Amino acid sequence: MRSRRAGAGPTIPVVAAVWAAFGVVAVEIVVTYSRIAPERLYSVSGTGLRAGLGRALVFLDFPVALAALPLIAIAAERQRRRPVALVTALAGIALCSVVFWPGVVDQYDLDARPVNALPAAGVALALLLTAAAGLLRDRIRIHLGAAGFALLLGLLALPWLGAELGFHLDGVPGLGSVFLTGKVVGVRAAVHLGHHHGMDGVLLTLTALLLVPLVRRMDVPALRALVGVYLGLEIAYGLANTAQDAWLEQVAKRGWTTHVIPSVLHPALTLAWLGIAVAAAAFSLLILRPRPARAR
């Protein structure tokens, strides 16, 4: 009789969970940006359902298109003997990669533009590919340590989750005294209503962590290495943006310090990005480390 490994948790359909999470956030964005005045949000100008759909379209560009790229690679590797799947994968990668072009997503102007439809179309292809490859049914056992880390990130993201749903945590028992959210600091609330790049960081980090077991199962060594390095960078980048946004809102805006972590949304020759590169290399080595041989 086989015993469960120490620290092993439940099995979940990780790819289905990833898509479900992005879908829930997209719906939240549509609802919140449709009903709340743009002055209480950030870098948007429209109102009504059109504004909500537009902001959700930008969300599909960043961060969803970034997270979709390794999903496309995993699905394509599984269907590598099907030419149609490979062509679709190349198209999806090309469309999602449009998000890397400067100005496609501008943090100071988050109103939707026609170009934003291109990465979103890549995301749609990624969803179709993962479904066709059977990835939505794949169940992966989650390590309890990883589950605990995900829970910590979830707790840190509570102010952003509330803001995404259109409210602050000030009046929520037990949370209003822990998190600074609705107090006006400068010209707007400490945590503006709507979507935050800190939440993007959380989503990217958790998505990459969930995909690690699938990457380790890939059969093509070069592709496994490429996707593993990408996931290492995705984790480092996600954590950096999470830390930057949380520090600004929960530490600096309380007046505890005048020091703020510089923005790391875009690659730059800075110490912060050097730290991301070093962390990404370390995470990649952990992801791609050789699997220990099973004892008989």
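Can you spot a residue in segment 116-134 that is open to solvent by 40 Å² or more (accessible area, probe 1.4 Å), closer than 26 Å to I12 by Cβ and touching a strand residue (DSSP E or B) at 6+ places or on another chain (Cβ under 6 Å)?
no
Checking L161 against (1) in a helix (DSSP H, G or I); (2) open to solvent by less than 50 Å² (accessible area, probe 1.4 Å); (3) within 18 Å of T32 (Cα to Cα), which test does it fail?
Of (1) in a helix (DSSP H, G or I); (2) open to solvent by less than 50 Å² (accessible area, probe 1.4 Å); (3) within 18 Å of T32 (Cα to Cα), only one is false for L161: (2).
Quick check: anything in segment 142-153 open to solvent by less than 20 Å² (accessible area, probe 1.4 Å) and at negative phi?
yes
Does segment 269-286 contain any residue that is open to solvent by less than 40 Å² (accessible area, probe 1.4 Å), under 19 Å from F179 (Cα atoms), at pLDDT 95 or above and not charged (D, E, K, R)?
No, segment 269-286 contains no residue that is open to solvent by less than 40 Å² (accessible area, probe 1.4 Å), under 19 Å from F179 (Cα atoms), at pLDDT 95 or above and not charged (D, E, K, R).
Filter segment 82-121 down to residues that are farther than 19 Å from A26 by Cβ and among the charged types (D, E, K, R) and give me whichever is modelled with the lowest pLDDT.
R82
Which pairs do you get when a residue that is under 18 Å from P70 (Cα atoms), found in segment 278-293, comes within reach of a residue that is at pLDDT 95 or above and open to solvent by 60 Å² or more (accessible area, probe 1.4 Å), reach meaning Cβ atoms under 6 angstrom, with the pair 6+ apart or on two chains?
Taking only residues 6 or more apart or on different chains, the pairs are A280/L233; S284/V229.
Look through segment 214-262, keep the residues that are touching a residue at least 24 places away in the same chain (Cβ under 8 Å) and in a loop (DSSP other than H, G, I, E, B), and return whichever of them is surrounded by the most Cβ atoms within 10 Å (Cβ to Cβ).
Applying the filter and picking the extreme gives M218.
Would you check if there is a residue in segment 161-170 being without any contact (Cβ under 8 Å) to a residue 24 or more places away in the chain, of a type in the set (A, V, I, L, M, F, W, C) and over 30 Å from P13 (Cβ atoms)?
The answer is yes; a qualifying residue exists.
Please find, within segment 3-36, the residue that is modelled with the lowest pLDDT out of those that are under 17 Å from L210 (Cα atoms) and over 23 Å from the mean Cα position of the chain (by Cα).
The qualifying residue modelled with the lowest pLDDT is G7.
Does segment 124-147 contain any residue that is more than 22 Å from G201 (Cβ to Cβ), in contact (Cβ under 8 Å) with a residue 60 or more places away in the chain and assigned to a loop (DSSP other than H, G, I, E, B)?
Checking segment 124-147: at least one residue is more than 22 Å from G201 (Cβ to Cβ), in contact (Cβ under 8 Å) with a residue 60 or more places away in the chain and assigned to a loop (DSSP other than H, G, I, E, B).
Within segment 98-115, which residues are open to solvent by less than 40 Å² (accessible area, probe 1.4 Å) and not in a loop (DSSP other than H, G, I, E, B)?
V98, V99, listed by residue number.
The values are calculated or read from the model by the stated rules, or taken from the named source; none is laboratory data. Keep in mind that this is a model prediction, so the values were computed, not measured. A quick note on method: Cβ atoms are made from the backbone with ideal geometry, for glycine too, and the neighbour counts reach across all protein chains shown. Each accessible area value is taken on the protein alone, full model and side chains, heavy atoms only, with ligands, DNA and RNA left out. Shrake-Rupley method; radii C 1.70, N 1.55, O 1.52, S 1.80 Å.
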